[in-house]
Structures are given as C-alpha cells and as structure tokens.
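*Asks:* Below are the structure tokens for one structure; questions will follow.
The values are calculated or read from the model by the stated rules, or taken from the named source; none is laboratory data. None of these values were measured; they are calculated from a predicted model. FYI the Cβ positions are ideal-geometry reconstructions off the backbone, even for glycines, and counts take in every protein chain you see. All accessible areas refer to the heavy atoms of the entire protein, side chains included, with ligands and DNA or RNA removed. Shrake-Rupley method; radii C 1.70, N 1.55, O 1.52, S 1.80 Å.
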Amino acid sequence: MISPRDVLRANDERFADVAAGLTPEEWAAPSLCTEWSNREVLGHLVVGCSHPVGTFLGALVRHRNFDRANTAIARDAARDRSAEALLTDFRAVSARPEGVGRYFPARLLLGDHITHELDILFATSREPN
C-alpha cells in the first residue's frame, strides 16, 4: 500500500513540473484565491512546508486572524522571489517538510496542495496532468 507521504511527494513533483511551464504573466495573474496572485499561492505552499512555527505564531498574534496572517506570510515569501526560485524551494521543502510543515499530516498537506494547484492551474486555463 502506498503511503500518504508518497502520494503527496508524487503529486508535488508532478505539480512542480507543470508549474515550471507557466509564464511570468501567468505567475503574476490573480489565482482563484481572491487575495493572492499565482506566485503568492506558490509562496504559501513553500511557507506551509518550511516556515518556523514561532514566526507563524508571531504573525498570527500581529494580524489577530489566521487568514490575514496566512496571506501576509504568503505575500512576504513571494515578494522578492521569482517563481523559479519559489519552485526550487518548493521542490526541496516538499520533499522534506520543516517548520510548521512537519507537524501537518501528509493527507492534510495533500488536500491543501491539490486545492492550491487547482487555484493556479484553473486561473491560468491550464489542465492538471
């Protein structure tokens, strides 16, 4: 039987391969997440696998709301990073989650990653492979 961690890893690799073909304009375009560009969604995925727990808790205290804290962290992660750099980070941290990512069950991360993959791909009229 294949483990949830193996399914997550295979899905993340496939998504990263598809996402590598997006253009700079597609990365800058709005995603289906109303607050985020496609690049910021990718930033969120990187953060979800790597962000230090204390940093996230600090953002939660500052913003007093999970969604606002999550949005601020995703935007910060993507602000000065190219999509290529974020994809490189995503490939690395999705293989070995750290920070908050190591506390989430693989099934939860898989659901989040598939949801955000679709947020990006449907916003760019791309088909998931």
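*Asks:* What does the charge count near G43 come to, summing +1 for each Lys or Arg and -1 for each Asp or Glu among other residues with Cβ under 10 Å from its Cβ?
*Replies:* +1
*Asks:* Order L45, L108, most accessible first, counting only protein heavy atoms with a 1.4 angstrom probe.
*Replies:* L108, L45
*Asks:* Still on this structure: Any idea how far the Cα center of the stretch 85-129 sits from the one of the stretch 1-59, in Å?
*Replies:* Here the two parts' Cα centres lie 4 Å apart.
*Asks:* Counting only the heavy atoms of the protein chains, how much of E25 is accessible to a 1.4 Å probe, in Å² to the nearest 10?
*Replies:* My reading of the accessible area for E25 is about 130 Å².
*Asks:* Amide H to amide H, which residues 5 or more places from E98 or on other chains are under 5 Å from it, using H placed in the peptide plane?
*Replies:* The list, which skips near neighbours in sequence, is S50.
*Asks:* In what sequence, highest mean first, do 85-93, 10-18 appear when ranked by Cβ atoms within 10 angstrom?
*Replies:* Order by mean packing, descending: 85-93, 10-18.
*Asks:* Give me the net charge for the shell around G58: Cβ to Cβ below 15 angstrom, other residues only, Lys and Arg +1, Asp and Glu -1.
*Replies:* +2
*Asks:* Please sort 59-69, 94-104 by packing, taking for each peptide the average over its residues of neighbouring beta carbons within 10 angstrom, highest first. Working shown, then result.
*Replies:* Values: 59-69: 12.8, 94-104: 15.2.
The packing order, highest mean first, is 94-104, 59-69.
*Asks:* Suppose R0 equals 25 Å; then what is the FRET efficiency for E35 and L118 from their Cβ-Cβ distance, rounded to the nearest 0.05? Write down the numbers at each step before the final one.
*Replies:* Working: r = 16 Å, r/R0 = 0.65.
Between E35 and L118 the formula returns 0.95.
*Asks:* With every protein chain left in place, what is the accessible area per residue of the chain in square angstrom, probe 1.4 Å?
*Replies:* So the chain comes to 55 Å² accessible per residue, rounded to a whole number.
*Asks:* Can you pull the accessible area of T23 for me, 1.4 Å probe, Å² to the nearest 10?
*Replies:* Roughly 50 Å² of T23 is accessible to a 1.4 Å probe.
*Asks:* Ignoring any ligand, DNA or RNA, what whole percent of the accessible area of the stretch 2-111 comes from carbon and sulfur when the probe is 1.4 angstrom?
*Replies:* 57 percent
*Asks:* Below 11 angstrom from the Cβ of E26, what's the summed charge of the other residues (Lys, Arg +1; Asp, Glu -1)?
*Replies:* Taking every Cβ under 11 Å from that of E26, the sum is +1.
*Asks:* For S37, which sequence-distant residues (separation of 5 or more, or a different chain) have an amide H within less than 5 Å of its own amide H, given hydrogens modelled in the peptide plane?
*Replies:* S31
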